[in-house]
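J.: One structure, pasted below without further comment.
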């Protein structure tokens, strides 16, 4: 049932419903919806069934509620009654006022018809009078009109008679525009009556027009006249039906000739660029060539604008001209950058060209000049980037080759200089490219991504080719098929070993310092190049470059050692090939090849000291080779000492057996260890390789007793100085012993020198070399 | 003395330098090797790979009067071979025949068919006619090349011709061109020289110092491989002898010997004094006319060219020979007298 909160609302709503049902003709329509929703308990619906409602009520509610309901209903009914009464009264009132109004209207209309008739009569009389006036004035008006027409005709005749004089006046005052206007105005009349009444007049004015045409033509061709004036002249000529095509052709030819003057010649370009820069600083300096050039181009574009207006059909030709100028500009630019050009200069020229293009583009937007120049600019820019890198490579290689390697201590200088060249060169390149990137010209902004791609790729390619170039310089790879010329001349000469060492160290430098730096730089200001620019090849990959240079540095270092050992090898070969070892005489002194050997080593040491860093633990280095090495060397020492005491050839076999056994039980001494970038490592490797060579040479010979003793003496002498220079003593000991063993194996009659004699000879040699040294020092 | 990974070992009693494939033996894979001992009695060993390929059997052991510096098996008769030997003071060369029925004899003696006595000087090597039954031989010393005609039945050898290279060249070895039997390559102090046997003139040369060893590519005409002391291995095209077609890094120390595989093109074996044998693959394409391309690419490829390095040696390796019967097998001989047979089957290029 209804809650206590909203009885009033409900009541009002019901009231309204009731009233609306009262007024609406068919209550079933409006109440349809609500009647369905409130089927039984809605008292207001049409389908309300009182009996059913009662039943439901009685069933659902107790007595108290029913009573309450009863009271409520009775009140409602009373209310409804009063409301209905009120409504009836109100309606009645409205009826009464309506009848009153109708009555008043009826009385007002009465008497209107008489007034209307009067009005009609008056209007009729006004019309008849106006007709009378009209007819009386008609004749006069006709006359006036006729007179007016005659006057106009007379004025025209007067104009034509005045035309020659007027034209003359115009010629005098150079008001050709007016003259042409007058003449064209008079044209129709002259055409019709020119042969009869106005014959003289026509002839005179035609003569005047002749003069005018002539004047206009001269004006058109005179360069001193402003373009504007010339354009006007052309327009006038055209109005006079003078054939302009030939004129046009002539003019365009002239324009073409003007192109030559607009060229930026490579030789002048740098000047132009400079002035362009300087004129920025001081605006007063207007007379710089750049300004002149700009003015010229401005004039050119103005002319084009004028011509375009004058000769609308000549557009194609003008397009061609403009394009020609643009391509010419870029071609010249290409020539220009063939020389060494800084980025600023490049930009200067580029700006000028771009300004020109913009100027022309304003005049001829349809010529698609900006597209054309964008393409050309791309090509040029790409070339510029490539050229910059090749210049850098050239610089570096020049720096490397500039010095005379044979001078003392020069390697250090070369290394420093080339390091500097690499760093400075790359820094310069970065600076230049940054300038390019900072350039705000539209075209550069467009190409930024491409440019970044090119720069990255440029660096990648640059380092690759630098590596190849290093290898060529070092003579490791022959430069047969590519890059001839300067390098070729050098590589056919003997390549200085020192240079190879410099290259090796430079490669390390590039790997460790330069490439990370460049990676940083690229990440800082050249990242995010569009990936399209280098779909095919990868852009800058520092990891790969590091690998490449790492490999190159190792290769070069190895090559350095190779060249050095090769040199020593030649000495050794001579030493062993020349004498007849089977008929060798008793050893008198240490052979001089030892000196040469040591001298070469000294040279290596000198070079290495200039360039490579020192190893960290100098003398302790040997400990990291196997501990058993020391025992090995002592083992072979004892073996060697044993051998000294034996002269019996019978025991030689057991000796051999012993060497085999010794070899079986010792670990292989690592003779060929990896070379490191330290002074000691390089020297040690060189010594090891040379001693191994020595051993191999010994194995190829057959010695008599004295020959063997000579070898023994030489090796004994070598021992001390070698140990001084070398970090891996154990290996050297081992190798020196190996030489002796090899000699003893190849000896027909093994009787070693007695230690005292050995000592004595070595001391003699030492004294001698000391004396020699003193001599050289004193002298 | 068995040892190493896959290799089959065999120990000689003394030091040794040379090993040769017995080409004429079609039934077995066999090798001949000779010792180099100044003071002991030298031996020639005939080694045979057992049919299973797992064992190296000594088929024959013969004493040889002098230390052997070079040994070459006759290409058409498995019982004949040549040696170059030294008495310590002088060198000599001889052709030997292994006696028949040597298996039953207790101490079989080698039969000397012919002595190349008229060749005096420091003989380096004896070369057999490269293929087929032909009785021509070449012996080489530092200055001259002798061409011999061998008559096995009469047991004599005659000098057919003698070419002198001159004092300065000091030839150190050579190879007979298998594609052109009139051409012989000889390694010298400063170059590799090519001699025409008919005109007895030097026809061509590769200016390259310190070439230790040279071998023709038997599968490909004009291709030659050289081994050098310091600068590794080079592959040459004889038509363009100025620049090597390919460069292999070689060994840590000298590269002593180099051998082209008789069957698989591009497979090169090298032995070095750094106690290692390296197996290389020199790509075949580079020997075509696309030299420029390959040389541009080569720096990066070079690393991959080394197929394998056999380092299980105690001393420098001087002797090296492919088996012609089973071309994936090679024999190597280190100075301490150890023969090692290895198979390169895992590294064969796919065909």
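Nothing in this text is a laboratory measurement; each read-out follows from the coordinates by a stated rule. Quick caveat: nothing in here was measured; it's all calculated off a predicted structure. Note: ideal-geometry Cβ built from the backbone for every residue, glycine included; neighbour counts use all protein chains shown.
J.: Could you list the residues of the stretch A:173-202 with an amide nitrogen less than 14 Å from a label point located 7 Å from the Cα of residue A:162 in the Cα-to-C-beta direction?
T.: A:179, A:182-183, A:186
J.: Can you give me the distance in nm between label points at residue A:394 and residue A:295, each placed 7 Å from the Cα along the Cα-to-Cβ direction?
T.: 3.7
J.: Here is a further query. Measuring from label point to label point, each 7 Å out along Cα→Cβ, what is the residue A:767 to residue B:61 span in nm?
T.: 5.5
J.: For the peptides A:565-578, A:600-613, what is the packing order when you average, over each peptide's residues, the other Cβ atoms within 10 Å and list the highest mean first? Don't skip to the answer; put the middle values down first.
T.: On the way: A:565-578: 17.5, A:600-613: 19.2.
Answer by packing, highest mean first, reads A:600-613, A:565-578.
J.: Going by average Cβ neighbours within 10 Å, how do the peptides A:452-461, B:267-276 rank, with the highest at the top? Display every interim value, and only then the final one.
T.: Working: A:452-461: 23.3, B:267-276: 24.8.
Top of the packing list down: B:267-276, A:452-461.
J.: OK, next. Once the cut-off is 19 Å, how many percent of the Cα-Cα pairs in the stretch A:695-779 end up in the long-distance tail? Write down the numbers at each step before the final one.
T.: On the way: 1710 of 3570 pairs.
The answer is 48 percent, as a whole percent.
J.: Rounded to whole Å and sorted largest first, what semi-axes of the equivalent ellipsoid does the C-alpha gyration tensor of the stretch A:337-394 yield via the square root of 5 times each eigenvalue?
T.: Numbers: eigenvalues 148, 28, 6 Å².
For the stretch A:337-394, the semi-axes come out at 27, 12, 5 Å.
J.: Sticking with this structure for a sec: With 31 Å as the cut-off, how large is the P(r) tail for chain B, expressed as percent of Cα-Cα pairs? Can you show the working numbers first?
T.: On the way: 17950 of 61425 pairs.
Cα-Cα pairs of chain B separated by over 31 Å account for 29 percent.
J.: Let me ask another. List residues of the stretch A:158-182, by number, whose backbone nitrogen lies under 17 Å from a label position 7 Å along Cα→C-beta of residue A:221.
T.: Residues passing the 17 Å test: none.
J.: Convert 25 °C to kelvin, take the viscosity as 0.890 mPa s, use the Kirkwood radius over C-alpha pairs of the stretch B:1-158 as Rh, and evaluate the Stokes-Einstein diffusion coefficient in µm²/s, rounded to a whole number. Display every interim value, and only then the final one.
T.: Values: Rh = 16.2 Å.
So the translational diffusion coefficient is about 152 µm²/s.
J.: Classify the stretch B:127-178 as rounded, prolate or oblate, taking a ≥ b ≥ c as the square roots of the eigenvalues of its Cα gyration tensor: rounded when a/c is under 1.5, otherwise prolate if a/b is larger than b/c and oblate if not. Walk me through the numbers on the way to the answer.
T.: Values: a/c = 3.15, a/b = 1.67, b/c = 1.89.
Verdict is oblate for the stretch B:127-178.
J.: Report Rg (one decimal) and Dmax (nearest whole number) for the stretch A:88-182, counting Cα atoms only, units Å.
T.: In Å, with Rg to one decimal and Dmax whole: 37.0, 105.
J.: Using R₀ = 25 Å, calculate the FRET efficiency as 1/(1 + (r/R₀)^6) where r is the Cβ-Cβ separation of residue B:149 and residue A:577; round to 0.05.
T.: On the way: r = 32 Å, r/R0 = 1.28.
Taking R0 as 25 Å, the efficiency between residue B:149 and residue A:577 is 0.20.
J.: Per residue of B:36-43, what is the mean number of Cβ atoms on other protein chains within 10 angstrom of that residue's Cβ?
T.: Working: counts 3, 4, 8, 10, 4, 0, 0, 0.
Mean partner shielding for this stretch: 4.
J.: Using a Förster distance of 51 angstrom, determine the FRET efficiency expected from the C-beta separation of residue B:156 and residue A:570, and round it to 0.05. Can you show the working numbers first?
T.: Values: r = 43 Å, r/R0 = 0.84.
Plugging the Cβ-Cβ distance into 1/(1 + (r/R0)^6) gives 0.75.
J.: First measure r as the distance between the Cβ atoms of residue A:70 and residue A:110, then evaluate 1/(1 + (r/R0)^6) with R0 = 60 Å and state the FRET efficiency to the nearest 0.05. Present the calculation step by step, with values, prior to reporting the outcome.
T.: Values: r = 63 Å, r/R0 = 1.05.
According to the calculation, E is roughly 0.45.
J.: Return the average number of partner chain Cβ atoms within 10 angstrom of each residue Cβ along peptide A:688-696. All intermediate terms of the calculation are to be shown ahead of the outcome.
T.: On the way: counts 2, 6, 0, 0, 6, 5, 0, 3, 8.
The per-residue average across the peptide is 3.
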